[in-house]
Structure formats: C-alpha cells, structure tokens
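The values are calculated or read from the model by the stated rules, or taken from the named source; none is laboratory data. Just so you know, these numbers come straight off a predicted model, no measurement behind them. Glycine also receives a Cβ, built like all others from the backbone with ideal geometry; neighbour counts cover every protein chain displayed. Accessible surface is based on the protein model in full, side chains and every heavy atom, while ligands, DNA and RNA are left aside. Shrake-Rupley method; radii C 1.70, N 1.55, O 1.52, S 1.80 Å.
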Amino acid sequence: AEGASLQRGMNFRLGGRASVILMSLRKGAPYADRIEDNGQTLIYEGHDVSRTKTCGNPKLVDQPWETPSGKPTQNKMFFEAAMAAKQGGSTPENVRVYEKIRDGVWTYAGMFALVEAWQETLESRRVFKFKLRVINDAVEDKSHPNELTHNRLIPTAIKIQVWKRDQGRCVMCGSCENLHFDHVIPFSMGGSSLVVENVQLLCAKHNLQKHDSII
C-alpha cells in the first residue's frame with residue numbers, strides 16, 4: 001500500500017507523502033504504545049538506538065535525537081513537526097498508522113494528526129512520546145485515491161477476535177488480499193467499535209462498494 005518495504009517503525013514523509021508509523025499494543029511489544037480517549041488518541045513511543053557492539057541493550061540508553069554522524073533521527077523529525085504544529089507554525093502532520101495484531105498480520109488503523117510531542121523519563125532513561133489524534137473527516141490523499149474515511153479505532157482485542165472468526169478472509173468473497181475491518185453498522189450511524197458482532201472483514205473492493213452505497 002505504501003509502495004515500499006517498511007524496515008523501521010517510524011517513517012517521516014515517506015516518499016514525499018504522508019508520514020507512516022507502525023505500532024503494536026500486543027503483550028511483549030518492544031515499545032509502550034497506548035490508546036486513549038475511547039479510541040480517538042494514540043500515544044506513540046519513540047524508537048531506540050540501534051543495537052551495536054558498543055550498545056548491547058538499547059533499553060538502557062536515551063532514545064536519540066541524532067545519529068552518530070549527526071543526522072536527525074526519526075524521533076527528531078517527528079518531534080520538530082509536532083512542536084511546529086503545537087506552536088501554530090504549521091498544520092499538524094498527517095500520519096498513516098498500521099498496527100501489528102499478530103505475527104505477519106498488520107492492519108491499517110487510519111489517518112492521524114500529529115498534535116504533540118514530549119520527552120519523559122522511563123526507567124532512568126529519556127524516551128520520546130508522540131500524541132496523535134484520529135482524523136474523522138476524509139483526507140484527500142492522491143497517493144491513496146481509494147482510502148476510506150476512518151472514524152474510530154477498533155480495539156486490538158476486537159480485531160483479533162474478528163480475524164479468528166472470519167478466518168482472515170473477506171466475508172463476501174473469501175479473498176485474503178487487502179482486507180479491511182469494517183463496521184457492519186457504520187460508526188457514523190451509531191455502530192459500535194467495541195462489539196465483535198458489529199465488525200467484519202471485507203476486501204477493499206467490497207468495503208468500497210459498501211461505503212459508496214451508504215446514504
């Protein structure tokens with residue numbers, strides 16, 4: 001979907017387009033990402049230094065502003081963009097978010113606005129934290145012309161149950177490609193993101209067909 005093989009979790013303005021981050025709420029995930037405000041806000045943790053011979057445990061070292069060569073890290077680029085938006089110097093950065101729900105399975109969580117960033121001390125080291133809010137209105141993205149409006153995050157536990165129930169296939173045609181978690185009753189019409197019965201797997205084709213038919 002992004003036209004690239006993502007090798008890192010933070011990708012500032014990937015290919016000159018919107019920024020992309022990869023997140024996980026799974027037990028044992030390497031970073032402490034979390035959801036707040038009933039699914040409207042994502043608190044995303046910055047990334048550690050790379051493991052090297054001189055740094056055997058990145059979790060004991062402050063998350064970096066710059067690389068050893070002096071270039072800005074992804075942490076710094078996202079941080080400066082968030083500060084510029086918070087201070088009114090620019091509009092918030094658009095960020096597409098993908099969530100890992102199980103090994104080999106990533107789901108599109110939606111488009112978010114990067115609204116704030118800070119550093120905090122966690123177990124004797126400094127880490128970055130980024131606040132992102134779901135963009136409820138459709139965002140024009142010419143690189144993704146078929147992107148659907150995203151309304152509310154579906155909790156990870158619900159996604160996992162739906163994935164198992166629907167066996168990782170579109171309920172309409174059985175396709176395993178480009179699947180979407182779809183609200184049976186749209187969120188905008190009162191449908192809940194919090195119950196398994198109101199969420200189903202649809203391929204992109206059938207999801208878009210359903211979206212276009214909603215009055």
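Here are the numbers for the structure shown:
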| item | result |
| --- | --- |
| Amide H partners (placed H, <5 Å) of Val199, local residues excluded | Val184 |
| Residue-level accessible surface for Cys203, protein heavy atoms, 1.4 Å, Å² | 10 |
| Cβ-placed point charges (K, R +1; D, E -1), dipole of the chain about Cα centre in debye, nearest 20 | 580 |
| Sites matching trypsin sites (Lys or Arg not before Pro) across the range 39-119 that sit in DSSP coil, with at most 13 neighbouring C-beta atoms within 10 Å | Arg51, Lys53 |
| In the range 43-128, chymotrypsin sites (Phe, Trp or Tyr not before Pro) in a DSSP loop with at most 11 other beta-carbon atoms within 10 Å | none |
| Per residue Cα convex hull volume in Å³ - calculated over the chain | 145 |
| Under 18 Å from Lys159, Cα to Cα: lysines that are on another chain or at least 8 residues apart | Lys27, Lys100 |
| Share of carbon and sulfur in the accessible heavy-atom surface of the chain [1.4 Å probe, %] | 51 |
| Cysteines, the chain, no other Cys beta-carbon under 4.7 Å | Cys55, Cys173, Cys176 |
| Loop sites in the range 43-138: GluC sites (Glu not before Pro), DSSP, at most 16 other Cβ within 10 Å | Glu123 |
